[in-house]
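Below you'll find the structure, written out as structure tokens, and then a few comments.
The values are calculated or read from the model by the stated rules, or taken from the named source; none is laboratory data. Predicted, not measured: the structure shown is a model, and the values here were computed from it. Neighbour counts are summed over all protein chains in view; Cβ atoms, including those assigned to glycine, are modelled from backbone coordinates with ideal geometry.
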Amino acid sequence: MKNFFAFLVILLSVWISCDVSAEEHIVERGETALQIALDHNLTMEQLTQLNPGIDLEMMIAGQKLTVPEKGVSFEEFRNQRYSEMLRINDLTCSILADNSALCLLHAENLTELPLYDIRLQASVRGQNGNSGITEAGTVLMQILPGENLPAAVSIKGTFDSVENAEVSVLDLSRSEMLTASFRIPEKTYLQTISILPDGISATVTMEFFPEGLQAFQGKTVNLLAAAYDESGNLTGVRSLYSEFYPRLDITVYSVSGKIADVKLTAEVY
């Protein structure tokens with residue numbers, strides 16, 4: 001499994017560039033990556049992130065690098081570029097019993113290719129003046145074209161209520177070399193939802209049909225259960241990463257309102 005993910009990371013290094021606030025820097029003879037980074041107000045890490053798949057220590061004259069336009073910061077460039085590919089929808093943040101915050105959202109893939117290895121950053125400020133920032137990846141590795149995938153980010157801190165909350169995309173990858181879906185087709189399993197009378201929690205059971213038993217035996221399954229209220233608002237997210245079994249159960253809890261429905265999304269590797 002480790003070798004598989006290492007191989008996947010290599011494949012995902014193929015980047016499809018956007019023209020948002022970007023310009024090309026043509027490497028000149030004798031020019032170093034550090035010099036280029038400093039000239040464009042970038043760190044080496046940021047320059048590397050903008051040019052995946054390029055060995056900055058082995059550059060040659062005439063090679064093209066992607067850098068932000070003059071006057072555009074790395075953060076502005078990153079946010080503009082990623083917003084063309086991934087949109088954050090339906091952001092709501094709740095204060096939990098321990099006074100930490102939980103932000104629920106949907107991440108929508110706006111491109112024609114799957115997106116991978118998505119990292120989000122959530123920031124919350126409470127009315128008491130306390131603030132917190134957390135980075136987190138999406139539960140599933142892949143968001144398919146047009147998919148509006150539920151996600152959650154927990155922010156540690158002591159908040160009385162949420163005065164302001166924002167979620168931005170720190171990183172993502174997409175590649176024409178990996179266009180296949182990791183999704184488990186719904187036709188291969190039976191889904192049963194059991195919502196407790198109080199509506200605060202619900203259990204989803206996934207039982208595989210014979211074709212699923214044959215196809216996924218010995219593989220790893222990643223489940224994402226998303227709970228919704230009667231108005232269709234996202235109220236809870238829970239994940240399960242497990243070896244394949246003929247039957248899998250996952251329980252999801254609501255942080256706001258009663259659960260009326262649960263949607264299950266699953267990947268297999």
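Summed over segment 191-221, the residues that are among the hydrophobic types (A, V, I, L, M, F, W, C) and under 17 Å from Lys263 (Cβ atoms) give a count of 6.
Can we say Gly236 is surrounded by 14 or more Cβ atoms within 10 Å (Cβ to Cβ) and at pLDDT below 95? Considered against the rule, which asks whether it is surrounded by 14 or more Cβ atoms within 10 Å (Cβ to Cβ) and at pLDDT below 95, Gly236 comes out as no.
Residues that are over 22 Å from the mean Cα position of the chain (by Cα) and over 13 Å from Phe244 (Cα atoms) were ranked within segment 210-230; the one that is surrounded by the fewest Cβ atoms within 10 Å (Cβ to Cβ) is Pro210.
For segment 50-79, which residues satisfy the criterion of being loosely packed, with under 14 Cβ neighbours inside 10 Å, in a helix (DSSP H, G or I) and aliphatic (A, V, I, L, M)? Listed by number, the list holds a single entry, Met58.
May I ask you to verify whether Asp198 is in contact with a strand residue (DSSP E or B) (Cβ under 9 Å, 6 or more places away or on another chain) and farther than 30 Å from Gln80 by Cβ? It is false that Asp198 is in contact with a strand residue (DSSP E or B) (Cβ under 9 Å, 6 or more places away or on another chain) and farther than 30 Å from Gln80 by Cβ.
Every condition in (1) surrounded by fewer than 18 Cβ atoms within 10 Å (Cβ to Cβ); (2) among the small types (Gly, Ala, Ser); (3) at pLDDT below 95 holds for Ser201 except the one numbered (3). State yes or no: is Ile193 modelled with pLDDT of 90 or more, touching a Gly at 6+ places or on another chain (Cβ under 7 Å) and of a type outside the set (S, T, N, Q)? No: the conditions fail for Ile193.
Of all residues in segment 99-114, which are farther than 13 Å from Ile143 by Cβ and buried (at least 19 other Cβ atoms within 10 Å of the Cβ)? Let's see the steps before the verdict.
First, pick out the residues of segment 99-114 that are farther than 13 Å from Ile143 by Cβ: 99-104.
Ala101, Leu102, Cys103, Leu104 - these are the residues of segment 99-114 that are farther than 13 Å from Ile143 by Cβ and buried (at least 19 other Cβ atoms within 10 Å of the Cβ).
Does Gln191 qualify as being farther than 18 Å from Ile250 by Cα, surrounded by fewer than 16 Cβ atoms within 10 Å (Cβ to Cβ), of a type in the set (S, T, N, Q) and in contact (Cβ under 8 Å) with a residue 24 or more places away in the chain? The answer is no for Gln191. Among the conditions (1) at pLDDT 90 or above; (2) β-branched (Val, Ile, Thr); (3) within 25 Å of Ile118 (Cα to Cα), the only one that Ile36 does not satisfy is (3).
If you take the residues in segment 256-267 that are part of a loop (DSSP other than H, G, I, E, B) and modelled with pLDDT of 95 or more, which one is surrounded by the most Cβ atoms within 10 Å (Cβ to Cβ)?
The first filter runs over segment 256-267 and keeps only residues part of a loop (DSSP other than H, G, I, E, B), leaving 256-260.
Imposing the further condition that a residue be modelled with pLDDT of 95 or more reduces the set to 258-260.
Details: Lys258: 16, Ile259: 22, Ala260: 17.
Per the stated criteria, the residue is Ile259.
For segment 112-126, filtered to residues that are over 8 Å from the mean Cα position of the chain (by Cα) and aliphatic (A, V, I, L, M), the residue that is farthest from Asp171 (Cα to Cα) is Val124.
For segment 69-97, filtered to residues that are at pLDDT below 95 and among the acidic types (Asp, Glu), the residue that is farthest from Leu42 (Cα to Cα) is Glu84. Among the conditions (1) under 21 Å from Leu105 (Cα atoms); (2) not assigned by TED's automatic domain parsing to the domain that holds Tyr253, the only one that Ser181 does not satisfy is (1). Yes or no: Lys187 of a type in the set (Lys, Arg), modelled with pLDDT under 95 and either assigned by TED's automatic domain parsing to the domain that holds Leu234 or out of contact with any Ser or Thr (no Cβ under 8 Å at 6 or more places or on another chain) (or both)? Spelling it out, Lys187 is indeed of a type in the set (Lys, Arg), modelled with pLDDT under 95 and either assigned by TED's automatic domain parsing to the domain that holds Leu234 or out of contact with any Ser or Thr (no Cβ under 8 Å at 6 or more places or on another chain) (or both). For segment 16-33, a residue qualifies if it is at pLDDT 80 or above, buried (at least 16 other Cβ atoms within 10 Å of the Cβ) and assigned to a strand (DSSP E or B), and exactly one does: His25. Would you please name the residue that is surrounded by the most Cβ atoms within 10 Å (Cβ to Cβ), looking only at residues in segment 118-172 that are assigned to a loop (DSSP other than H, G, I, E, B) and acidic (Asp, Glu)? Per the stated criteria, the residue is Glu147.
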